[in-house]
Each structure stands twice: as C-alpha cells, then as structure tokens.
C-alpha cells in the first residue's frame, strides 16, 4: 500500500507554537491558500480512499483537496487526531511553565508530565491505525490528512529514531510525504 501523508494547512498565528491537540481550530487565510495549492499538486493522483482527522483544521484541508481532485468521500476519524493535551491545550511552552510551574528536564519527561492523553496510548493509537487498521482495508493508494505530531510519531515508530529526533524533523503546514507499507520507507518531505 502507498500512503500519502499530509499535514493540515496553517492555523491562525495565535495558535502557532502552542500545544493545540484536540482544540478544534480553523485554518488561517494562508492555510486555506496552502490547502488550495496542495490540492492542485495532488489533483492528478488517484486514491482508493481518503482518511482525515476529524478536527476542523484537517477537515478544511481535506475539503480543499477533494473540491479539485476526483476523490471520493473522505473518512473522518478520531484515530488520526493529534494528542490531547488536556488542560494544557492551546498553551505555549512558556505559558505552561509560568502557570503550572513545570520544569523541562528532557523531551520524554516533558511530554509525559503534561496533561491529557497518555503518550503511550497516543503512540499505540497511531501504531494500530497504520499497521493494523489500514493494512486490513482493500486499498492500494490512500491519502491521509492529519497532524504533524501523528506523522512524527509514525516516523519514530518506523525509522527507529527517538521521539525527540522525530519531533525535531521540520514538517511544515501543508507538507506531504509518502509511505510505502511494503518497505515501511518514507519519501522526501515536499511542500505544495
């Protein structure tokens, strides 16, 4: 199976560098333009299925892609959501430190200290979707619109790199890559 992994378009600047998680925020004006540009890049591709996070920023990106391309109705799922950060949703690192007095010691300590969905369950959710759920479908070429965190966790799992290394990979808004499930190798990260 060939999977094209897309990060949603840009969100409003007020949400940049924030732990947005399950916040159901919209695309910015620039994000809508990015999604339109991405749809033109992908319009000549044929997909057997489209899966998308059910959060608004992914839904809006998906709607731009399917409005131009000849794609079928997308399947929206919570399985492709970003990690929930609970009471830390929408906050910046500095705001969390200031409000809660948390101290950053290292990457793993920090992400497990924050509230919301336990990180091991988040990783398991992503692993199950990509290694069990999708492979059981009859599809050969699938488009997935999701969040940078989901894509980076998948890279962590499949490239045998640490979470910290995976989260240091630059994956811009509206960027995409491919994943071949026969070899579990990623293509280059491309922007629209």
So which residue, out of 154, 55, 102, gets the largest mean-square fluctuation from a GNM of the chain using Cα contacts under 10 Å as springs?
102
Between residue 136 and residue 93, how many nm apart are label points set 7 Å from Cα along the C-beta direction?
3.9
Using a cut-off of under 19 Å, list every residue of segment 107-140 whose amide N is near the label point 7 Å from the Cα of residue 162 along the Cα-to-beta-carbon line.
107-114, 119-120, 123
Looking at the chain, what % of its DSSP beta bridges pair antiparallel, to the nearest 5?
50
In Å and whole numbers, how far do the C-alpha atoms of the chain stretch along each principal axis, longest first?
50, 36, 25
Per-selection Rg to Rh, segment 106-192 - Cα, Kirkwood hydrodynamic radius:
0.96
Pick from 37, 166, 14: which residue has the top mean-square fluctuation in a GNM of the chain where Cα pairs under 10 Å get a spring?
14
Any idea what the relative contact order of segment 22-172 is, in percent, if you count C-alpha pairs under 8 Å spaced at least 6 apart?
27
Quick one: among 72, 155, 91, which has the greatest mean-square fluctuation in a GNM of the chain with alpha-carbon springs under 10 angstrom?
72
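R0 = 25 Å: FRET efficiency of residue 14 with residue 191, Cβ-based, nearest 0.05?
Values: r = 23 Å, r/R0 = 0.92.
FRET efficiency, residue 14 to residue 191: 0.65.
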Residue 128-residue 46 FRET efficiency (beta carbon distance; Förster radius 35 Å; 0.05 resolution)
0.85
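Laboratory data are not the source of any read-out in this text; all were calculated from the coordinates shown. Every value quoted in this text rests on a predicted model; they were computed, and no experiment measured them. Positions of Cβ are generated from backbone atoms using ideal geometry, with glycine treated the same way; all protein chains shown enter the neighbour counts.
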